[in-house]
Amino acid sequence: MARMHTGRRGSSGSDNPTADEPPEWSDVDDDAVEERVVELAEQGHDPSQIGQKLRDEGVKGTPVPDVKLATGKKVTEILDDNDAGNDLPEDLRNLLARAVRLNEHVDENPQDHQNKRALQNTESKVRRLVDYYRGDALDEDFKYTYERAKELL
């Protein structure tokens, strides 16, 4: 797939290994995994960070290589079931934070044309994601503005 804002092609990503069940060495109870996921979310971690912590630290010392294989649910599904998720999707929140940082930088440095362009590209990506999430994770009348992004973060 080509990159969004350049003429170059993107690099292909790796595929997850095909597995139907968790490895035998990772025999963690799925209820314990769900409790750990909720606990990490309450500490303020994003779903991707929760997956990394479970992979590295595990539950009670036993690593969990794949939450979906261990529990049958994705991390975000577990968070939704326990009402521990964030109000914004993680990818949109990260892009909004980047847009706010770039906007503040461009205000302080008006001659920085390279970052003006980066801000335009980031805001374009934000608008695309807002269109994608509108109705599901966002309100129907949600519009991206710098003030609204700053308020949400």
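The values are calculated or read from the model by the stated rules, or taken from the named source; none is laboratory data. Here the structure is a predicted model, which means the values were calculated and not measured. Cβ: placed from backbone, ideal geometry, glycine included. Neighbour counts: every protein chain shown. Ligands, DNA and RNA are excluded from the accessible area calculation, which covers all protein heavy atoms including side chains. Shrake-Rupley method; radii C 1.70, N 1.55, O 1.52, S 1.80 Å.
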Legend entry - Restricting region 45-91 to GluC sites (Glu not before Pro) in coil, as DSSP defines it, with at most 15 other Cβ within 10 Å: Glu57
Legend entry - lysines whose Cα lies under 30 Å from that of Lys125, excluding same-chain neighbours fewer than 8 positions away: Lys53, Lys68, Lys73, Lys74, Lys116, Lys143, Lys150
Inset, instruction - Summarise the accessible area of the chain (1.4 Å probe, protein heavy atoms) by the percent that is carbon and sulfur. - result: 42 percent
Legend entry - Calculated mean projected area of the Cα convex hull in nm² (choose from [x] 11.7; [y] 8.4; [z] 11.2), label: [x]
Inset, instruction - Send over a whole-number figure in Å² for the accessible area per residue of the chain, probe 1.4 Å. - result: 70 Å²
Legend entry - Local electrostatic count at Arg93 - Lys and Arg +1, Asp and Glu -1, tallied over other residues with Cβ under 12 Å: -3
Inset, instruction - Excluding His45 itself, calculate the net charge of residues whose Cβ lies under 12 Å from the Cβ of His45, where each Lys or Arg counts +1 and each Asp or Glu counts -1. - result: -3
Legend entry - Backbone HN-Hα couplings from phi across region 111-122 [Karplus 6.51/-1.76/1.60, Hz, Gly and Pro as x]: 8, 7, 5, 5, 7, 4, 5, 4, 5, 4, 5, 5
Legend entry - Distance between region 75-101 and region 49-64 - C-alpha centres, whole angstrom: 20 Å
